[in-house]
1. Kindly indicate which of Asp157, Asp149, Asp139, Asp153 is within 24 Å of Leu224 (Cα to Cα), of a type outside the set (Lys, Arg) and open to solvent by 50 Å² or more (accessible area, probe 1.4 Å).
2. Say whether the condition of being of a type outside the set (Val, Ile, Thr), more than 16 Å from Ser206 (Cβ to Cβ), at pLDDT 90 or above and surrounded by fewer than 17 Cβ atoms within 10 Å (Cβ to Cβ) is met by at least one residue in the stretch 70-92.
3. Suppose we filter the stretch 26-35 for residues that are assigned to a loop (DSSP other than H, G, I, E, B) and surrounded by fewer than 13 Cβ atoms within 10 Å (Cβ to Cβ); how many remain?
4. Condition test on Ile110, is it modelled with pLDDT of 90 or more, of a type outside the set (D, E, K, R) and under 19 Å from Thr6 (Cβ atoms)?
5. Filter the stretch 206-227 down to residues that are more than 10 Å from the chain's Cα centre (by Cα) and of a type in the set (S, T, N, Q) and give me whichever is farthest from Pro133 (Cα to Cα).
6. For residues that are open to solvent by 40 Å² or more (accessible area, probe 1.4 Å) and either without any contact (Cβ under 8 Å) to a residue 60 or more places away in the chain or in a helix (DSSP H, G or I) (or both), tally how many sit in the stretch 191-214.
7. Within the stretch 113-129, does at least one residue satisfy the condition of being at pLDDT 90 or above and polar (S, T, N, Q)?
8. Here are some residues: Ile13, Ile57, Ile4. Which one is open to solvent by 30 Å² or more (accessible area, probe 1.4 Å), of a type outside the set (Gly, Ala, Ser) and in contact (Cβ under 8 Å) with a residue 24 or more places away in the chain?
Amino acid sequence: ILKILTNEYIKEINSINSNYLGSKLVLVFSTATIRNELSILEDSGYLKKNYYSSGSIPTNKAYEFLVNEILQEKLEKFEGEEWSNQNDLFFNELNELDELSDFIASKLKIFNAIINEQLEFYYDGVEELFASPDFQEKDEFLHLAKTIDLVEDFYKDIFYKVINMEPMIFIGKNNPFNLKSDLISFMTGSTQTTNEKIAFILIGPSRMPYKKNWLFLNKLLNNLRINN
């Protein structure tokens, strides 16, 4: 129930109620049973409500549950996967890191920064991230702007942290970059090409499609490693 609700919320951006879940579940549960399970999940900190009679919304604890499953299965699920012909063609024609940053932003609709070992800094996706419905309130918008500014100020520190760790997903404040926001999640990874080491940080709303973005990042790192 938690997985289905969280994935549906990521797609729909609307609170999810028991009737909606009843229509989505493969197993047949009564709405009363689903409401009871939702209450347990809320008491356990996985779900919340904007107001008493609204549907349920996943918390960052729910996203962490989802991400932990993705991280545990990544070796089996992702190593054997291959790029589509369209993506292979694009990367064969790719010459510059700024082009790559633009491609990531256009594909995932999130902010991304790419840093090479010469500490050259490329980024894109600011407009895509600010256009997200997750940051339409003034306080959320300003908080996001501050986070992006911090990435630009401390990108060298970010490079040295990312380049020495395995690809990872960080939810909200639980990140090693001192970027304190529960509204934002981070994906990081690095690769060694023939010429240089490259670090990536992807920043999106906590309500990002984690599996899709994680698959994209892993394929990207693997493709750059192979093609170079």
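The values are calculated or read from the model by the stated rules, or taken from the named source; none is laboratory data. Keep in mind that what you see is a predicted model, and the values were worked out from it rather than measured. Heads up, the Cβs are rebuilt from the backbone with ideal geometry, glycines too, and the neighbour counts pull from every protein chain shown. With ligands, DNA and RNA removed, areas are computed over all heavy atoms of the protein, side chains included. Shrake-Rupley method; radii C 1.70, N 1.55, O 1.52, S 1.80 Å.
1. Answer to the check: Asp157.
2. No, that holds for no residue.
3. Final tally of qualifying residues: 4.
4. The answer is yes for Ile110.
5. Asn227
6. 5
7. yes
8. Every option except Ile13 fails the conditions.
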